[in-house]
Amino acid sequence: MEKILVRASKSYEVTVGCGLLAEVGSQLATLLPPPRHLMLVSDDNVAPLYAEHVQGALEKAGYTVSTFVFAAGEASKTTDTLVSLWEAMAKVGLTRTDCAVALGGGVIGDMTGFAAATYLRGIACYQIPTSLLAMVDSSVGGKTAVDLPQGKNLCGAFSQPIGVLCDPDVLGTLPEAVFTDGCAEVIKYGYIGDKPLLSLLEASFADDPVSIIARCIADKRDIVEKDELDNGPRQLLNLGHTGGHAIEKLSHFSITHGSAVAIGMLMAARAAVAMDLCTPDVPTHLEAMLNRYSLPTVCPFEAQALAEAALSDKKRRGSTITLVIPTALGESTLLPLPTDELADFFRKGGAR
Ligand code: GLY
C-alpha cells in the first residue's frame, strides 16, 4: 500500500493498494468517524459491480448509506443530474457534517465533487476512483465540474476531497478500451517530467500497478501543490490536450479522450522538434511507447480543422494559446503561441 500526501488548500491522503475496497469503512472512519450519513454516488456501469460491496463495508463501519445512481457516460454530466443529486441529498437530510462518496470514473468524481462543494455551501467528499484515468488524474487535485451545452466542464469549483482511495484490483473489470485510454494519461506524466516512470512503463504496467499509479499521483501532487488554481505550471498536465480535445470534438467523440491525447502528445513532440525546441529522440520514444500500449499515433484530421476546433474552446481567451511541449525525454515546458500560428503548429506535428 502507498500513501501520497497532497498539501493543497486542504491536505489529504491518497491511498493506493490492492484489495483496499474491502477496507473502505475503516479508511473513511479515520477521517470522518461514524455515525454519519453518506451519499454514495455511482453510475449504472459501476454500481452493479461494486456499490453493494462498498455500501456493506461502510455500513459495517457504522455509517448510514443512501445511494444515487445515474446513467453512465459524459451525457449525464449535466446540470439536470446535478440538481437531482442535490435534491436526493436534501431528501435524505444530509447535513454539513455528512459526506458524499464518489464511486466511479471521471464523470462521477467530477459531478459528485461539485455537488458536495455546493450542497449546504460545501460538505465533505471522498473519492473512490474506479477507472485508471480517474485514479491518476481526475480524482486528485480538486477540479470538480459539470458540462453545459456550450462545452465541457464549464461550471465547477476547485474543491479538494477529504481523501482518495484507489484499489487497482477494480481495473480488472474495466473494458480494454477504457483501460488503454487511462494508459495515455499515465504515459503523459513520464513525458511531462518523470523520466524514471518511462523506464517503468517500458517494462509493463501490469508488473507493478500500485507503484506506477502512486508515482503518477505523486507527480500530479507536485504540480498541484505549486499551482492549485491552474494559473501556471498546472497547465503542464495538459500535454497533448490541445490537439487531443480538437480530435475528440472533430470525431464527435468517437475517438476517446485517451486516444486523442495520445495523438495530441505525439503531434506536440513532433512540432517541438520542428521548431528546434525539443530533442529529436522524444517523438521516436513516444511513438514506440504509444504502440506498446496499443494507443493510436496518426491524426485523421487536417491542421486547419484542428486549429479551428481547438480555438472554439469557450474557456480560451485572447490572441495567444498556451501549449505544452516536451523539450527532452522527461522534460516539458509551456509555450505561449499566437493563435494564428496554431494550424502551422499542428502541420509541423504531422497533420495534413
Ligand atoms: N486534469 C488536469 C488537472 O487536474 O489540472
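The values are calculated or read from the model by the stated rules, or taken from the named source; none is laboratory data. Here the structure is a predicted model, which means the values were calculated and not measured. All Cβ positions, even for glycine, are placed from backbone atoms using ideal geometry, and neighbour counts span all protein chains on display.
Below are the figures for this structure:
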{"item": "All positions within region 275-304 that are small (Gly, Ala, Ser) and assigned to a loop (DSSP other than H, G, I, E, B)", "result": "SER294"}
{"item": "So ALA307, is it crowded, with 19+ Cβ neighbours inside 10 Å, in contact (Cβ under 8 Å) with a residue 24 or more places away in the chain and over 29 Å from LEU198 (Cα atoms)", "result": "yes"}
{"item": "Which listed residue, of LEU200, LEU250, LEU236, is farther than 28 Å from GLY172 by Cβ, hydrophobic (A, V, I, L, M, F, W, C) and either over 17 Å from the mean Cα position of the chain (by Cα) or away from the ligand (no atom under 12 Å from the Cβ) (or both)", "result": "LEU250"}
{"item": "Yes/no for THR30 being loosely packed, with under 15 Cβ neighbours inside 10 Å and not small (Gly, Ala, Ser)", "result": "yes"}
{"item": "Check on SER131, in contact (Cβ under 8 Å) with a residue 40 or more places away in the chain and at negative phi", "result": "yes"}
{"item": "Of the criteria (1) within 16 Å of the ligand (Cβ to nearest atom); (2) touching a Leu at 6+ places or on another chain (Cβ under 6 Å), which one ASP167 fails", "result": "(1)"}
{"item": "Any strands (runs of 3 or more DSSP E) falling wholly within region 130-226 and containing at least 3 residues that are surrounded by 21 or more Cβ atoms within 10 Å (Cβ to Cβ)", "result": "143-148, 163-166"}
{"item": "Filtered residue count, region 37-62, keeping only those that are assigned to a loop (DSSP other than H, G, I, E, B) and within 18 Å of VAL164 (Cα to Cα)", "result": "2"}
{"item": "Index of the failed condition, THR173 passing every other in (1) modelled with pLDDT under 95; (2) within 25 Å of LEU21 (Cα to Cα); (3) within 16 Å of the ligand (Cβ to nearest atom)", "result": "(3)"}
{"item": "Verdict on THR118 being closer than 25 Å to HIS53 by Cβ, away from the ligand (no atom under 13 Å from the Cβ), among the hydroxyl-bearing types (Ser, Thr, Tyr) and out of contact with any Ser or Thr (no Cβ under 7 Å at 6 or more places or on another chain)", "result": "no"}
{"item": "Residue in region 108-115 that is in contact with a Gly (Cβ under 6 Å, 6 or more places away or on another chain), crowded, with 19+ Cβ neighbours inside 10 Å and within 30 Å of ILE325 (Cα to Cα) present", "result": "no"}
